[in-house]
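Structure first, commentary second.
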Amino acid sequence: MKHIISLLMENEAGALSRVAGLFSARAYNIESLTVAPTEDATLSRMTIVTSGSEEVIEQIIKQLNKLIDVVKVLDLNDGRFIERELMLVKVKATGTLREEMKRMCDIFRGRIIDVADSSYTIELTGAGSKLDAFLEALDKTVILETVRTGASGIGRGDRILKV
Amino acid sequence: MEDRTTQITGAEILIRCLQEENVKFVFGYPGGAVLNIYDAIFSQTHFKHVLVRHEQAAVHAADAYSRATGEVGVALVTSGPGATNAVTGIATAYMDSIPLVVISGQVPTPAIGMDAFQEVDMVGVTRPCVKHNFLIKDINDVAMTIKKAFYIASTGRPGPVVVDIPKDITAQFAKFSYPKTVEMRSYNPILKGHTGQIKKAVNLILNAKRPMLYTGGGVVLGDAADQLVKLTRKLGYPITNTLMGLGGYPGTDPQHLGMLGMHGTYEANMAMQDCDVLIAIGARFDDRVIGNTEHFFRKDRTIIHVDVDPSSISKRVKVDIPIVGHVQSVLAEMNELLEADTKKPDTAALTAWWKQIEAWREKKCLTYDLSTDIIKPQFVVEKLWEVTGGDAFVTSDVGQHQMWAAQYYKFDKPRRWINSGGLGTMGVGLPYAMGVQLAHPEAQVACITGEASIQMCIQELSTCKQFHLPVKVITLNNRYMGMVRQWQEFFYGNRYSESYMDALPDFVKLAEAYGHVGMRIEKPSDVEPALKEAFSPKLKERLVFMDFLTDQKENVFPMVPNGKGLSEMILSEEL
Ligand SMILES: Cc1ncc(C[n+]2csc(CCOP(=O)(O)OP(=O)(O)O)c2C)c(N)n1
């Protein structure tokens, strides 16, 4: 099953490679990994999307906790959470496609953020599954380029990951 | 210019840190990137620097020093090749959870990333085989980093920590002050076990019909042998040790069923498989210990697992009662609870269980054919045990000789059996013996090795000469990489591909060339007299290299073939 794991780690050089190295050394799946500093400059927050059996996820959490630089780990799937990802898609926009692309973008509540003679760049945010759905709804031949940030996640309500 | 009167160099700061940590030995080898540090070593007297002949041996020796004493071992190597030579030693210590601080020199900070002479990304190279590592980028971080390194290495589940120090940092000046304490919000090892879980465990233990204690290196490393002995004796339950756990419970005690695992005893493996309550303490259900996990699984068996490392619990085998905590503290708490409990173990059930175990014991699985014309390797180990009164520190290399050492030398005390269990590193034996002998100058130290393994770090005979280390090297010379040959005999149709040891040196002459005493022993009747001579007062100050020509085709039994279940052992007579 897919899990979203959030963690806070010391903002030290090499911290990211410790996490990435752990996943490859122990052959854990990694779908996406995002990392950025937090409001506390000494901490980075990382979101990892991974999948595996309950036993594997349990090991992943334990192994992450074992890394010396890791301050806190939270499996977002243990409670209610919100997942968001940003995607930029460049699509063909010529002839009738110009109208059709605009309509598709509206349906998925995206925004056209760049307009060129023969292409649009669409910005879309949402859960990973929504972004997947958008890509599936488009004809493969109209997609010129895509770039996704990987998921970020946060607990709902009072569920807070903080030091 | 800043006032330098109160300032010292980074190299001097490092030395002062080691003094503050009460380091007695630093095992090392100099080179360009650590010249400032060696210059600071030149004028200090607090610790002894032991110059090895290869950096791998420096780390092994520091590792053995730690295994024999419980202190943190320290090694010092230069950048590039010095650092990479140390990696095998670091990985060996990592797999067996040995606390080490390995200091490596690095090229000067401005040269990092420029493919400078002798540059290697040591932090990157060692990341997967250290508990943690640091690259020091500021002279003002030296003291705190060393403090953290010792703290991280020695607490929680211990392990090696690498500190990489660029050359320019060791030349800069700063004030020295050593932090008294260290606090890390990201690192808080758990000490005390959960009392509720411990109570549950004790209750289950007392209700067991077929109990079994299975203990590993955690008991030895956690200095919990006394508590374990108390618990085991009080309960009257059978106990087995892993390869790493030997000595955690007296090997000569009748409650001890011997080692378990791939080359464990029949009774230990059968009891492990058939028990109804398994009490695992400081052990990690390694593949060499329990064999095939599916075969190992039993619905009617409850497992209690005590370990300091949460990630060791339910990694290979799902357990019912996990207890995360320092084994010594958890066992002490268990002992207190047992003391207070009015309930006693079920004697009738226990008697029946012991009857079953005695029946397994009757197989006498460690019997071997004695011979009058060819030396059996097991016989050498048995005689060594007798001659040393069972009280030697024994190191070993990796192979058949290691298994025979573990099977036939009955260790009664912890920290006496020093070997590479997790990584299985050939070449550790001699440097391990050096570390042990330095830690215990008066003790009898034997290195049981094979003619292949010993050649992997044989250059250390020179170090032994320089530092007057009277180690006794017991080479079980079967002219084969015996363990490889055994697998080829069993599983590869006797095709002994590249496992013979041709062109062996004359070990007697070799030992003599290094300034030691050499002996070749070819007849069974000479085994005991030779050992007695080697351990006699006459040779007390000398390293004796004993080359025992042993049976070439002897195999290690019992054996659980790779991928098979624990109770699917091959016993010698079945062949
Ligand atoms: C560094 C290293 N290389 C290879 C091996 C694989 N290996 C395990 S045992 C063994 C043979 C050891 O031979 P020897 O030292 O003569 O001991 P014996 O088995 O004959 O007692 C080998 C090659 C290893 N464990 N370590």
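Points worth noting:
- Scan the range B:432-474 for residues that are part of a loop (DSSP other than H, G, I, E, B), more than 15 Å from B:LEU51 (Cβ to Cβ) and under 19 Å from the mean Cα position of the chain (by Cα) and the total you get is 4.
- Single residue of A:ALA13, A:ALA41 found to be outside any strand (DSSP E or B), open to solvent by 20 Å² or more (accessible area, probe 1.4 Å) and over 21 Å from A:LYS162 (Cβ atoms): A:ALA13
- Of residues in the range B:189-224 being assigned to a loop (DSSP other than H, G, I, E, B) and of a type in the set (A, V, I, L, M, F, W, C), the one most open to solvent (accessible area, probe 1.4 Å): B:LEU191
- Among the residues of the range B:427-436, the ones that are in contact (Cβ under 8 Å) with a residue 60 or more places away in the chain and either under 17 Å from B:PHE548 (Cβ atoms) or away from the ligand (no atom under 16 Å from the Cβ) (or both) come to 5 in all.
- Some residue of the range B:105-122 being among the small types (Gly, Ala, Ser), without any contact (Cβ under 8 Å) to a residue 24 or more places away in the chain and at positive phi: yes
- Single residue of the range B:145-157 satisfying the filter (away from chain A (no Cβ under 13 Å) and not hydrophobic (A, V, I, L, M, F, W, C)) that is least open to solvent (accessible area, probe 1.4 Å): B:LYS147
- Number of positions in the range B:18-62 that are touching a residue at least 12 places away in the same chain (Cβ under 8 Å), of a type in the set (Val, Ile, Thr) and farther than 21 Å from B:THR88 by Cβ: 3
- When B:ILE321, B:ILE290, B:ILE281 are checked against the criterion of being in contact with a strand residue (DSSP E or B) (Cβ under 6 Å, 6 or more places away or on another chain), aliphatic (A, V, I, L, M) and under 24 Å from B:HIS263 (Cα atoms), a single residue qualifies: B:ILE281.
- Residues of the range B:344-353 include none that is among the aromatic types (Phe, Trp, Tyr) and either within 16 Å of the ligand (Cβ to nearest atom) or not assigned by TED's automatic domain parsing to the domain that holds B:PHE285 (or both).
- Test: residue in the range A:84-100 that is among the basic types (Lys, Arg) and assigned to a helix (DSSP H, G or I): yes
- Single residue of the range B:496-510 satisfying the filter (touching a helix residue (DSSP H, G or I) at 6+ places or on another chain (Cβ under 9 Å) and farther than 28 Å from B:GLN466 by Cα) that is least open to solvent (accessible area, probe 1.4 Å): B:SER499
- Members of the range B:543-552 found to be out of contact with any Gly (no Cβ under 9 Å at 6 or more places or on another chain) and surrounded by fewer than 21 Cβ atoms within 10 Å (Cβ to Cβ), listed by number: B:LEU549, B:ASP551
- Test: residue in the range B:134-144 that is touching a Ser or Thr at 6+ places or on another chain (Cβ under 7 Å) and open to solvent by 30 Å² or more (accessible area, probe 1.4 Å): yes
- Looking at B:ASP164, B:ASP121, just one residue is farther than 30 Å from B:PRO441 by Cα and buried (at least 20 other Cβ atoms within 10 Å of the Cβ), and that residue is B:ASP164.
- Taking (1) in a helix (DSSP H, G or I); (2) among the hydrophobic types (A, V, I, L, M, F, W, C); (3) more than 14 Å from chain B (Cβ to nearest Cβ) in turn, A:VAL35 satisfies each apart from (1).
- Complete set of residues in the range B:452-486 that are within 12 Å of the ligand (Cβ to nearest atom) and on the phi > 0 side of the Ramachandran plot: B:ARG479
- When the range A:53-87 is filtered for residues that are more than 14 Å from chain B (Cβ to nearest Cβ) and free of Cβ contacts under 8 Å to residues at least 60 places away in the same chain, only A:ASP78 remains.
- Test result for B:ALA513, open to solvent by 80 Å² or more (accessible area, probe 1.4 Å), among the hydrophobic types (A, V, I, L, M, F, W, C) and within 16 Å of the ligand (Cβ to nearest atom): no
- Here B:ALA406, B:ALA439 are screened, and the one residue that is within 16 Å of the ligand (Cβ to nearest atom), at pLDDT 95 or above and either away from chain A (no Cβ under 14 Å) or crowded, with 24+ Cβ neighbours inside 10 Å (or both) is B:ALA406.
- Figure legend. Inter-residue proximity from the range B:367-388: first residues away from the ligand (no atom under 16 Å from the Cβ) and open to solvent by 30 Å² or more (accessible area, probe 1.4 Å), second residues outside any loop (DSSP other than H, G, I, E, B) and at pLDDT below 95, beta-carbon distance below 9 Å, spacing 6+ or different chains. Indicated pairs: B:THR367/B:SER572; B:THR367/B:GLU573; B:ASP369/B:SER572.
- The strands (runs of 3 or more DSSP E) located wholly in the range B:1-112 that include 2 or more residues which are more than 16 Å from the ligand (Cβ to nearest atom) and open to solvent by 10 Å² or more (accessible area, probe 1.4 Å) occupy B:7-9, B:48-51.
- Test: residue in the range A:96-106 that is within 14 Å of chain B (Cβ to nearest Cβ) and not hydrophobic (A, V, I, L, M, F, W, C): no
- Cβ-Cβ under 6 Å pairs, at least 6 apart or on other chains, the range B:489-512 side away from chain A (no Cβ under 14 Å), far side within 12 Å of the ligand (Cβ to nearest atom) and small (Gly, Ala, Ser): B:MET501/B:ALA452
- Residue in the range B:164-183 that is aliphatic (A, V, I, L, M) and out of contact with any strand residue (DSSP E or B) (no Cβ under 7 Å at 6 or more places or on another chain) present: yes
- Subset of the range B:310-323 [of a type outside the set (Gly, Ala, Ser), in contact with a Pro (Cβ under 9 Å, 6 or more places away or on another chain) and facing chain A (nearest Cβ under 9 Å)]: B:PRO310, B:ILE313
- Conditions (1) touching a residue at least 12 places away in the same chain (Cβ under 8 Å); (2) within 21 Å of A:GLU12 (Cβ to Cβ); (3) part of a helix (DSSP H, G or I): number failed by B:ASN133: (3)
- Residues that are among the charged types (D, E, K, R) and either buried (at least 24 other Cβ atoms within 10 Å of the Cβ) or assigned to a loop (DSSP other than H, G, I, E, B) (or both), drawn from the range B:268-300: B:ASP276, B:ARG284, B:ASP286, B:ARG298, B:LYS299, B:ASP300
The values are calculated or read from the model by the stated rules, or taken from the named source; none is laboratory data. Only a predicted model underlies this, so the values are computations on that prediction, with no experimental measurement involved. Because the Cβ atoms are built from the backbone with ideal geometry, glycine has one as well, and the counts that use them run over all protein chains shown. Surface areas here come from the heavy atoms of the whole protein model, side chains and all, with no ligands, DNA or RNA. Shrake-Rupley method; radii C 1.70, N 1.55, O 1.52, S 1.80 Å.
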